[in-house]
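Beneath this line is the structure, given in structure tokens, with notes to follow.
The values are calculated or read from the model by the stated rules, or taken from the named source; none is laboratory data. Everything numeric in this text was worked out from a predicted model, so none of it was measured. Here Cβ is always computed from backbone atoms with ideal geometry, including for glycine, and neighbour counts include all displayed protein chains.
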Amino acid sequence: MAENPLSQAEHSVPAQSNAGPELSPCRKRLRHDAYTIGWVCALPKEQTAARAMLDEEHEPLPTPRNDHNAYTLGSVCGHNVVIACLPNMGTNPAATVATSMINTFQSIRFGLMVGIGGGIPSKVNLGDVVVSQPVADYHGVVQWDMGKLERGGQFVHTGSLNRPPNALLTASNQLKSNYEMFGSKINEYLDDVERRFPRLAPKYTRRECLEDPLLSSKRRRRTSTEVHFLSSLWQAVIAMITYLLGSWAISPVNEENKRLSEKTRGARTQREVRVHHGLIASGNKVVKDARSRDSLDKAFGGHLLCVEMEAAGLMNDFPCIVIRGISDYADSGKERSWQEYAAAVAAAYAKELLGCVPPSVVDAEESAKAMLEKVNRQLKNVQRTTVAIKATTDSLKSDLHTNEIKRWLDPPDPSTNANHARTLHHEGTGAWLLENPIFLSWYSGSRRHIWLHGLAGCGKTVLSTTVLDHLAKGSDGPILNFFFDFSDTKKQTYESMLRSLAFQLYQGGVDSAIHLEGSFQAHQNGKNQPKTEALWIMFYKMLGVQKRVYIVLDALDESTSRDDILKWIEDIISRPELDHVQLLYTSRPESEFLRRIPTLIGEEGCLPLDEQAINSDIRSWVSAQISQRHDFTEKPLSQGLLEEIRIKVQVGILSIRQPSSMSSRGSYRGSSWILA
């Protein structure tokens, strides 16, 4: 790890002293990398308690411009400690302070979040200490306002915060054993604070003047009769003692002062500070009513001991343990009189905890900065992996659902026809159609329909694929197609055409998919088959949401439901909301089509396949075949002879362009036997 440039600060650089009379005027000045423990506070009074626990306070060090924290440096139990106070309360400021701290002091291994909190009555009392520790399924600290509201108004917690560092958990368990055998040093540390900083004593070290409302309410349950009886009994005892001791007894005033002095001096030894280990709830809002507090405890399985406002902001950005002195019960009767004392006992426990952590153990730990950088790298890798997995999962789900839709619609696949036609296409043929003014007007959108008609074997199917390939290069909308086919019974009906076109638009038109999904669900998620009318209504809605759609229908004459198809074309033409749907269809010039289609789209939209253009395509094809055949390339032939052969072959092809001699999907295939 690169050394922090601030650690290069010279030991002799003077620093302005902010020491009071209780601090030594000659303080050490260490380097940034000498500090290994971070101590974070939320309130100035918590910072005061933390400073009071320092065995020694050091000179301040310079900080980067982007670090706005104010630090107090010092040592506790052999550890060099950095103390920082938040600018305001909440989880976000805590995260900001911790991040700046570990960037400035890059040798920090872990930290302590020390201060005050609200306790859960019947589990803890005012002046007790709560330490975060894993319990049940929780890591010691939970962010109570991070979750979701489920049905019935029940709030379910989501997310997880990191557990405290093992070194601190081990020290905490060591302290439990020490307490059982020797008792706590918290009161001892408070006595030391009172000796070193007398001004802090009234608020920070003495609890005898503080009243716990929970305990007081229990006392008030006694009846007035009991109180009167005890008072009378006490007065009788005092009178008897006075009579027996005589005039040499100490005056009542001096006796009372002595009694109060002994009570003050012995209060901490008579009642050790109780320390609890368990779950702390943290959030960005103050919990100040008993109902909310008790609801939180219930939501976390009754494991809650304390609520506060900062720790959740640290746990995932700063490996630390949380220590809270209980200053109130998180209800409407917020106690402020306990805050200083609660801050002091929390700081005293923190000091005692650090005393159980050998400096060598701290030095052996990885720095918080390096640890977080590693975690962030791992988190980014996890995020990338998660995104990839989600994308794959979504894709698989989508594929599975698409297969369900496909099984329901059972659409014929037109690509088999198109791919076969492409194998028959000779480069350069069909260009005359793409340059035709009628086709150009259709392609631009000024003409909605074109009918290409020609005799069998003139290459209509090849021209259809030529149009599809041309559209694929530059169209701005979905391209749908269907090839009617005498040889395939699934490709002969109006209904099969609708199923195929709808499925194609489902796959290629995102906005259209919702209408097919709706129909799928309406038919019991594909258990029931749609009627033909329902298919058309669904497809009509799918077309309506697109800006432009191209549809190419090949070989209408090979359909067994011509009348339905012509009515469908007429329906599309009659709907102004579908004027963005452009159709190109081909067929033989049979009487039914010659009678009805020109009436629907106008004579100018009917394009007979030009004899001269077709002959040009045939000539081009024949020339290519001659140049590629071994018979004509084995020995050189004169250009005149080649031209004569070309003409005879071309004439032969033209002479056999009759339905009886051609395949229904024909494209000059009759020439094969001529050249054989």
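Those residues that are over 18 Å from Pro213 (Cα atoms), in a strand (DSSP E or B) and either among the aliphatic types (A, V, I, L, M) or under 28 Å from the mean Cα position of the chain (by Cα) (or both), I need them from region 318-330; list them, please. Outline the logic, then answer.
Step one: filter region 318-330 for residues over 18 Å from Pro213 (Cα atoms), giving 318-324.
Now drop any that are not in a strand (DSSP E or B), which leaves 320-324.
Result: Cys320, Ile321, Val322, Ile323.
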- If you go through region 177-210, how many residues are over 25 Å from Trp338 (Cα atoms) and exposed (fewer than 12 other Cβ atoms within 10 Å of the Cβ)? 4
- Met542 versus (1) surrounded by 20 or more Cβ atoms within 10 Å (Cβ to Cβ); (2) among the hydrophobic types (A, V, I, L, M, F, W, C); (3) more than 21 Å from Asp413 (Cβ to Cβ): which is the lone unmet condition? (3)
- Looking at region 260-317, which of its residues are at pLDDT 85 or above, within 27 Å of the chain's Cα centre (by Cα) and charged (D, E, K, R)? Glu308
- Going through (1) modelled with pLDDT of 60 or more; (2) in a helix (DSSP H, G or I); (3) not hydroxyl-bearing (Ser, Thr, Tyr) one by one, Phe229 fails only at (1)
- Has region 58-66 got at least one residue that is touching a residue at least 12 places away in the same chain (Cβ under 8 Å) and either of a type in the set (D, E, K, R) or touching a Phe, Trp or Tyr at 6+ places or on another chain (Cβ under 6 Å) (or both)? yes
- Exception for Leu30 within (1) among the aliphatic types (A, V, I, L, M); (2) outside any helix (DSSP H, G or I); (3) modelled with pLDDT of 95 or more; (4) under 40 Å from the mean Cα position of the chain (by Cα) falls at (4)
- Task: Specify which of the listed residues (Pro589, Pro598) is part of a helix (DSSP H, G or I) and either at pLDDT below 95 or over 20 Å from Phe482 (Cα atoms) (or both).
- Result: Pro598
- Top-ranked residue of region 299-353 - restricted to ones that are basic (Lys, Arg) and in contact (Cβ under 8 Å) with a residue 24 or more places away in the chain, ranked as surrounded by the fewest Cβ atoms within 10 Å (Cβ to Cβ): Lys334
- Just need a number here: residues in region 268-287 that are outside any strand (DSSP E or B) and either polar (S, T, N, Q) or closer than 19 Å to Asp128 by Cα (or both). 9
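Given the structure, is Ser559 out of contact with any strand residue (DSSP E or B) (no Cβ under 7 Å at 6 or more places or on another chain), modelled with pLDDT under 95 and small (Gly, Ala, Ser)? Don't jump to the end; show me each part of the working.
On the way: out of contact with any strand residue (DSSP E or B) (no Cβ under 7 Å at 6 or more places or on another chain): yes; modelled with pLDDT under 95: no; small (Gly, Ala, Ser): yes.
When the stated conditions are applied, Ser559 does not pass them.
Criterion first (closer than 19 Å to Asp363 by Cα, among the β-branched types (Val, Ile, Thr) and either assigned to a helix (DSSP H, G or I) or more than 28 Å from the chain's Cα centre (by Cα) (or both)) does Ile108 satisfy it?
Details: closer than 19 Å to Asp363 by Cα: yes; among the β-branched types (Val, Ile, Thr): yes; either assigned to a helix (DSSP H, G or I) or more than 28 Å from the chain's Cα centre (by Cα) (or both): yes.
It is true that Ile108 is closer than 19 Å to Asp363 by Cα, among the β-branched types (Val, Ile, Thr) and either assigned to a helix (DSSP H, G or I) or more than 28 Å from the chain's Cα centre (by Cα) (or both).
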- Note on the structure: The residue from Leu583, Leu607, Leu553 that alone is farther than 19 Å from Thr493 by Cβ, in contact (Cβ under 8 Å) with a residue 60 or more places away in the chain and in contact with a strand residue (DSSP E or B) (Cβ under 8 Å, 6 or more places away or on another chain) is Leu607
- Message: With the requirement that a residue be surrounded by fewer than 20 Cβ atoms within 10 Å (Cβ to Cβ), in contact with a helix residue (DSSP H, G or I) (Cβ under 9 Å, 6 or more places away or on another chain), of a type in the set (Gly, Ala, Ser) and over 30 Å from Leu61 (Cα atoms), what does region 92-148 give you?
- Response: Ser122, Gly147
- Note on the structure: When (1) under 18 Å from Ala555 (Cβ atoms); (2) free of Cβ contacts under 8 Å to residues at least 24 places away in the same chain are applied to Thr461, the one that fails is (2)
- For region 59-68, state whether one or more residues are more than 38 Å from the chain's Cα centre (by Cα), among the acidic types (Asp, Glu) and in a strand (DSSP E or B). no
- Flagged in region 75-94 as outside any strand (DSSP E or B) and closer than 25 Å to Val361 by Cα, in numbering order, are Cys77, Gly78
- Query: Has region 397-407 got any residue that is at pLDDT 70 or above, outside the structural domain of Tyr506 (by TED's automatic domain parsing), under 30 Å from Ile326 (Cα atoms) and crowded, with 18+ Cβ neighbours inside 10 Å?
  - Reply: no
- Query: (1) touching a Leu at 6+ places or on another chain (Cβ under 7 Å); (2) at pLDDT 95 or above; (3) surrounded by 18 or more Cβ atoms within 10 Å (Cβ to Cβ): which one isn't true of Thr493, the others all being true?
  - Reply: (1)
- Item | Matching residues in region 554-564 - criterion: being of a type outside the set (D, E, K, R) and either crowded, with 19+ Cβ neighbours inside 10 Å or not assigned by TED's automatic domain parsing to the domain that holds Thr599 (or both) | Ala555, Leu556, Ser559
